[in-house]
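To start, the structure under review is shown below, and the notes come after it.
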Amino acid sequence: MGAATRDANGACLESTQWKAATGKEWNNVSNVYFAITGRVADFVKSASATAQSMFDQFNKSNSKGMVASSRDSGTSAGVIANHCYSVYKIFKDAKGNWLVRLRNPWGIGGNSGSMYDRNSEKQRFANDGLITLTWSQFTSNFRGYYKA
């Protein structure tokens with residue numbers, strides 16, 4: 001199992017505490033992923049990924065989740081540049097189009113994105129940290145994703 005990433009009160013560790021707890025730089029996604037899950041993460045580039053392969057990897061019974069890493073700049077659809085999101089869900093809509101639902105750990109939703117972050121019109125753009133992107137939006141805004 002990875003190192004503890006919260007203090008005795010349940011608060012997230014600060015960056016200096018993170019390094020002390022894990023022995024690694026906190027801003028390296030692979031190191032953070034290992035500290036949390038105890039598994040080494042593989043990076044999959046968006047350019048070489050397919051929605052089906054990401055879906056299959058996400059739904060493996062031994063999966064420890066996925067983290068998507070946005071591009072350094074030039075993002076759109078409500079995606080924050082140079083930021084990581086947890087992959088919340090990968091699914092097809094009623095028309096068979098692939099969608100990727102992500103969660104921003106800052107809790108900021110995708111209110112400028114073109115997709116809904118919930119399943120109904122009333123909940124469109126709720127500021128809950130969730131953002132849903134088409135596969136095309138995902139691949140144009142994200143360098144790729146980490147999987148373990």
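Nothing in this text is a laboratory measurement; each read-out follows from the coordinates by a stated rule. Keep in mind it's a predicted model, so treat the numbers as computed, not measured. Here the Cβ positions follow ideal geometry from the backbone for every residue, glycine too, while neighbour counts run over all protein chains shown.
Peptides 65-76, 43-54 ordered by packing proxy, namely the average of other Cβ atoms within 10 Å per residue, highest first: 65-76, 43-54. Among R143, R101, the ranking by other beta carbons within 10 Å of each residue's beta carbon, starting with the fewest, stands as R143, R101.
Between K64 and A148, the built amide H atoms are under 5 Å apart, and every one of these is 5 or more places off in sequence or on another chain.
Couplings 3J(HN,Hα) for the range 64-74, derived from phi with the Karplus relation 6.51 cos²θ - 1.76 cosθ + 1.60 (θ = phi - 60°), are 9, x, 9, 10, 9, 10, 6, 5, 5, 7, x Hz, where x marks Gly and Pro.
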